[in-house]
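Single-structure report; data block below.
The values are calculated or read from the model by the stated rules, or taken from the named source; none is laboratory data. All values derive from a computational prediction rather than experimental measurement. As a convention, Cβ positions derive from the backbone with ideal geometry for all residues, glycine included, and neighbour counts pool all protein chains shown.
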Amino acid sequence: MIEPLCRLCLEAGRVTLATVADYVVPHRGDFTAFRLGQLRSLCADCHNRLDRTNSPRASVREDGTPSATAPNGQGKGPSVFFNSEDQ
């Protein structure tokens with residue numbers, strides 16, 4: 001099936017032209033899965049927000065440090081703490 005629009009944007013109520021074919025289930029180097037795996041159409045922004053397991057990446061601040069909340073809003077806070085003497 002040809003999907004000209006980003007599937008994740010459509011699910012979020014946005015209309016965006018798809019520019020990337022993404023594997024629904026990551027192929028992890030399996031040649032058969034690479035050749036025959038199910039694809040979905042995504043825009044570059046949605047594709048770049050996914051990690052290698054197709055889960056949303058943890059959000060980051062402008063300076064590149066992890067934010068306290070995950071993309072789904074249920075973050076645990078920073079996983080690395082600095083001793084006040086280190087600063």
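Before moving on, here are some points about what is shown:
- Every residue from the stretch 4-28 that is hydrophobic (A, V, I, L, M, F, W, C), surrounded by 14 or more Cβ atoms within 10 Å (Cβ to Cβ) and not in a loop (DSSP other than H, G, I, E, B): Leu5, Leu8, Cys9, Leu10, Val20
- Where a residue in the stretch 18-29 is at pLDDT below 90 and its partner, wherever it lies, is aromatic (Phe, Trp, Tyr), with Cβ under 7 Å and at least six apart: His27/Phe34
- Tally of residues being within 17 Å of Gly37 (Cβ to Cβ) and basic (Lys, Arg) across the stretch 1-27: 1
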